[in-house]
Amino acid sequence: MKLIKFIFTFFLLLSSILYCESITKTGSTAAQFLKIPVGPRAIGMGGAFTATSNDITATYWNPAGLASITTNEVIFNHIEWISDVNLDFAAFATSVAGFGTLGGFVSVLSSDDMMVTTIEHPEGTGELFKYNTLSAGLSFARALTDNFSIGFNAKYIGENLWHMSAKGFAFDLGTIYRIPILNEFRIGASISNFGTKMQLSGRDGLIMKQSGAGDGNLVYTNVEMEQYDLPLLFRFGVAADLVSTGSHRITTAIDAVHPNDHSEYINSGVEYSWNEIFSLRAGYNSLFERDTEKGLTFGFGLNYRLFDFANVKIDYAYQDFHRLKNVQYISVGIRF
């Protein structure tokens, strides 16, 4: 119980510090790809998944949710993001009796070729470059009591932009507390991307500079780039199974999110499930966020026992991005 009290006190203190920040530092953090959500189930519910997390996508939303996994589970998630950017996410988790749940994940973002432009050649130099990223990590979650779970992620983060690169390391921490009312009422909290600063380095940072007297003394010097924080996210959510019978389940959820580089916002969503085989979801993402293009979401899922030893899970989600059109998400998972 002392550990549980310490964890909740830590979250309360950190949230009070975060919410005292009155300046919105939009565009002041590195590794923005870490904020691209994964998991069509969570996205279909408007991203309100902090207290609902009970599958392998909990590695992104709240690692404490991995403690709900009692077998083995894998997922492959493909996202066609905005401006011809693609994100692929894969994860694996396994339950170890008497110890907890162990997992691993990898996320890769890639872009199409883009033209290199300069002041002298605004139409392009004839060269092409790409932007790509990598995030990979390990997860651990454990139910400390029948009602309280805790989880952690440790991850490596890398960004590559033409001949420049940056790397960093981060941790995620999450908790879920279950209360046996309204069938089941859950309270969840998580902190994502708490880690090192990132700084670009590489040959594109080299410039030619005159040294000493005369015109012939030219040397290369390296331009030192600024260091930037990671996009820290603090999430607090509640969820309840309003209906939970043998055939039907209706889950509602709401999250409050505080990023360190933008304004606070709220996610909300609902999920209806029939026999835990077919599910329908709807939600609203980023309510009250400044200058957002996000909005309504919806999706569906199919969880079917295809073989005697495995369940196949297929999920789809659609997210409205207003002037930026929309983004569609699809994932395939196997539980065995």
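Bear in mind that the values in this text are calculations on the coordinates, not laboratory data. Here the structure is a predicted model, which means the values were calculated and not measured. Please note: Cβ atoms are built from the backbone with ideal geometry, for glycine as well, and neighbour counts cover all protein chains shown.
Brief remarks follow.
- ILE250-VAL108 FRET efficiency (beta carbon distance; Förster radius 25 Å; 0.05 resolution): 0.10
- The fewest-to-most ranking of LEU134, LEU173 by surrounding Cβ atoms within 10 Å reads LEU134, LEU173.
- Placed amide H near ASN326: partners under 5 Å, 5+ positions off or other chain: PHE321
- Potential lengthening of the chain between VAL96 and ASN222 amounts to 40.4 nm, from the contour at 0.36 nm per residue minus the alpha-carbon distance.
- Value of relative contact order over the chain, rounded to a whole percent, pairs C-alpha under 8 Å and six or more apart: 19 percent
- Inter-label distance, nm, simple model (7 Å from Cα along the C-beta direction), MET164/ARG203: 1.6 nm
- Long-range HN-HN contacts of VAL243 with modeled amide H, under 5 Å: ILE250
- Sites VAL243 and ASP88, calculated FRET efficiency, Cβ-Cβ separation with R0 25 Å, nearest 0.05: 0.10
- One decimal place: the segment SER28-ARG290 gains 92.8 nm when fully extended, by the rule 0.36 nm per residue minus the C-alpha distance.
- The range 258-336, relative contact order [Cα under 8 Å, separation at least 6], %: 21 percent
- Burial ranking of peptide ranges 177-188, 50-61, 274-285 (average Cβ count within 10 Å, highest at the top): 50-61, 274-285, 177-188
- On Cα atoms only, tilt of 2-19 relative to the major axis of the chain in degrees: 50 degrees
- Prolate/oblate/rounded label for the chain (Cα gyration tensor, a/c 1.5): prolate
- Inter-site label distance for THR117 and TYR272 at 7 Å from Cα along Cβ, in nm: 4.8 nm
- Residues in the range 91-108 carry Karplus couplings, in order, of 8, 9, 9, 9, 8, 10, 4, x, 10, x, 10, 10, x, x, 8, 9, 10, 10 Hz; the curve used is 6.51 cos²θ - 1.76 cosθ + 1.60 with θ = phi - 60°, and Gly or Pro positions show x.
- Flagged links, alpha-carbon separation over 19 Å, of LYS35/LYS155; LYS35/LYS313; LYS294/LYS325; LYS167/LYS294; LYS130/LYS197; LYS130/LYS155: LYS35/LYS313; LYS167/LYS294; LYS130/LYS197; LYS130/LYS155
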